[in-house]
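*Asks:* Would you mind keeping the following structure in view while I ask a few things?
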Amino acid sequence: MTARCVELREIRLPLVTPFRTSFGVQTARRILLVRAEVQREGQVVEGWGECVAPDEPTYSAEYVDGAVLVIREQLAPRLGAVAQAADVASSLVDVKGHPMAKAALEMAVLDAELRADGRSFADLLGATAERIPSGVSVGIHDSIAELERAVAGYLDDGYVRIKLKIEPGWDLEPVAAIRRLIGPDALLQVDANTAYGRDDLDHLCRLDEFGLLLIEQPLPEDDLLGHAALAGASSTPICLDESITSVTTVIDAIDVGACEVANIKAGRVGGYLTAVAIHDACRARDIPVWCGGMLETGIGRSANAALAALDGFTLPGDVSASRRFYARDIITKPIEVVDGHVAVPTGPGFGFELDRQFLDEVTVEVHDLSRNAPGQ
Ligand code: SMG
Ligand code: MG
């Protein structure tokens with residue numbers, strides 16, 4: 001088999017409601033997709049990957065325009081033609097950083113390879129669960145009343161876990177209000193996206209009274225010892241998101257006591273194959289993990305649903321319905337939440353089927369990558 005990435009496609013989808021985090025507001029999402037082709041016994045089979053880099057470098061260093069450039073000018077030429085998806089990461093190892101861009105290439109090749117084999121991603125992972133519990137991430141709102149309305153709507157939709165975005169000035173009060181609204185036993189957690197500092201540890205410990213599942217990434221991504229100090233002081237488990245960029249960083253974070261729970265996002269760590277390795281490392285150390293989200297289309301959402309079916313994913317993830325963010329998805333059967341759960345895809349590859357017509361409608365730009373392939 002030989003596989004190559006042949007096309008980069010930039011699409012634009014409006015969000016159904018603005019999504020505000022501690023680092024900004026999003027009202028639409030530009031999303032970069034990668035198309036790969038594998039040649040097997042004279043047949044060409046196509047696969048797709050999704051780059052989770054946001055529009056601006058405010059979640060991490062990566063962003064859409066940067067990803068386009070690094071894929072076109074640096075990654076695709078190095079990748080050329082590969083024999084299998086498992087070789088993608090090693091062919092790109094000379095390029096430092098850019099895990100989201102690298103992950104998108106590996107994902108496209110993996111989807112194509114699995115489709116050529118007639119095999120699902122869940123099957124490759126050995127994941128046997130048929131469905132996964134679905135949590136929802138709720139942005140910062142203008143008022144507590146609006147937040148309560150939004151959370152009530154998501155509970156009506158069946159979500160089994162609520163995650164509230166917090167920042168200084170939007171933490172204790174909204175969390176108290178939502179805990180009152182949903183009752184003492186409902187699953188609730190918060191995510192600060194690095195908005196606090198070491199001076200805030202006492203303040204963050206005041207969240208302990210709300211019986212949260214976890215506090216996600218309160219401090220800057222490089223502050224492992226600050227997170228360890230908070231973990232020592234707070235009874236709420238500390239979960240890392242932005243800080244975990246590799247197997248090494250997660251093991252170090254666990255060893256220094258900074259990571260009591262891990263949010264696993266394939267894009268943030270350079271691909272689904274590394275995400276599985278991080279799952280394995282956490283499982284071996286009894287650290288619970290859950291699957292994060294990056295406002296993915298049905299492509300990434302399908303892949304996340306399969307990843308989250310692995311045994312170590314013991315907490316509900318941010319794998320919500322397509323309609324949580326998008327009125328219409330680019331796949332023919334949008335991801336749905338039924339009875340609080342998302343089905344694990346069983347079809348070949350990541351298990352989605354593209355809605356080609358809608359994909360073309362929302363396409364902003366297409367870049368031909370085939371000129372970068374050797375021998376073209
Ligand atoms: O896809 O449901 C989703 C979004 C979940 O809150 C979510 N993601 O830090 O965990 C996180 C954020 C980052 C998204 S903004 C790029
Ligand atoms: Mg997060």
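*Asks:* Count, please, the residues in region 283-310 that happen to be in contact with a helix residue (DSSP H, G or I) (Cβ under 7 Å, 6 or more places away or on another chain), surrounded by fewer than 24 Cβ atoms within 10 Å (Cβ to Cβ) and farther than 14 Å from Ala266 by Cβ.
*Replies:* Total meeting the criteria: 2.
*Asks:* Oh, and also: Can you pull out the residues in region 306-327 that are in contact with a Cys (Cβ under 8 Å, 6 or more places away or on another chain), hydrophobic (A, V, I, L, M, F, W, C) and within 13 Å of ligand 1 (Cβ to nearest atom)?
*Replies:* Correct list: Ala308, Val319.
Yes/no matrix, rows are residues, columns are (1) in a helix (DSSP H, G or I); (2) touching a Ser or Thr at 6+ places or on another chain (Cβ under 7 Å):
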position	(1), (2)
Leu105	yes, no
Pro133	no, no
Val136	no, yes
Ala150	yes, no
Leu155	yes, no
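*Asks:* Being free of Cβ contacts under 8 Å to residues at least 40 places away in the same chain and either among the β-branched types (Val, Ile, Thr) or within 13 Å of ligand 1 (Cβ to nearest atom) (or both) is true for just one of Ile335, Ile299, Ile330. Which residue is that?
*Replies:* Exactly one of Ile335, Ile299, Ile330 is free of Cβ contacts under 8 Å to residues at least 40 places away in the same chain and either among the β-branched types (Val, Ile, Thr) or within 13 Å of ligand 1 (Cβ to nearest atom) (or both), namely Ile335.
*Asks:* Look at region 255-271 and say how many of its residues are more than 12 Å from the chain's Cα centre (by Cα) and either away from ligand 1 (no atom under 16 Å from the Cβ) or surrounded by 24 or more Cβ atoms within 10 Å (Cβ to Cβ) (or both). Steps first, answer last, please.
*Replies:* Kept after step one, since they are more than 12 Å from the chain's Cα centre (by Cα), are these residues of region 255-271: 255-262.
With either away from ligand 1 (no atom under 16 Å from the Cβ) or surrounded by 24 or more Cβ atoms within 10 Å (Cβ to Cβ) (or both) added as a condition, the list becomes 255-260, 262.
Counting residues in region 255-271 that are more than 12 Å from the chain's Cα centre (by Cα) and either away from ligand 1 (no atom under 16 Å from the Cβ) or surrounded by 24 or more Cβ atoms within 10 Å (Cβ to Cβ) (or both) gives 7.
*Asks:* I need the full set of residues from region 75-103 which are free of Cβ contacts under 8 Å to residues at least 24 places away in the same chain, assigned to a helix (DSSP H, G or I) and not basic (Lys, Arg), in order please.
*Replies:* Residues satisfying the conditions are Asp87, Ser90, Ser91.
*Asks:* While we're here: Just to be sure I understand, how many residues within region 195-223 are more than 21 Å from Leu147 (Cα to Cα) and either out of contact with any helix residue (DSSP H, G or I) (no Cβ under 9 Å at 6 or more places or on another chain) or away from ligand 2 (no atom under 16 Å from the Cβ) (or both)?
*Replies:* So the answer is 10.
*Asks:* Separate question: Report whether or not Thr274 is of a type outside the set (D, E, K, R), touching a residue at least 12 places away in the same chain (Cβ under 8 Å), more than 16 Å from ligand 1 (Cβ to nearest atom) and in contact with a Pro (Cβ under 6 Å, 6 or more places away or on another chain). Steps first, please.
*Replies:* On the way: of a type outside the set (D, E, K, R): yes; touching a residue at least 12 places away in the same chain (Cβ under 8 Å): yes; more than 16 Å from ligand 1 (Cβ to nearest atom): yes; in contact with a Pro (Cβ under 6 Å, 6 or more places away or on another chain): no.
For Thr274, the condition - of a type outside the set (D, E, K, R), touching a residue at least 12 places away in the same chain (Cβ under 8 Å), more than 16 Å from ligand 1 (Cβ to nearest atom) and in contact with a Pro (Cβ under 6 Å, 6 or more places away or on another chain) - is not met.
*Asks:* For region 90-149, give me each residue that is within 16 Å of ligand 2 (Cβ to nearest atom) and not β-branched (Val, Ile, Thr).
*Replies:* Pro99, Met100, Gly135, Ser137, Gly139
*Asks:* Scan region 222-241 residue by residue and report those that are buried (at least 20 other Cβ atoms within 10 Å of the Cβ) and in a loop (DSSP other than H, G, I, E, B).
*Replies:* Of everything in region 222-241, those that are buried (at least 20 other Cβ atoms within 10 Å of the Cβ) and in a loop (DSSP other than H, G, I, E, B) turn out to be Ser234, Thr236, Asp241.
*Asks:* Look through Ile144, Ile140 and report the one residue that is among the aliphatic types (A, V, I, L, M), within 14 Å of ligand 1 (Cβ to nearest atom) and either modelled with pLDDT of 95 or more or at positive phi (or both).
*Replies:* Ile140
The values are calculated or read from the model by the stated rules, or taken from the named source; none is laboratory data. The shown structure was predicted, so the numbers you read here are calculated from the model rather than taken from an experiment. All Cβ positions, even for glycine, are placed from backbone atoms using ideal geometry, and neighbour counts span all protein chains on display.
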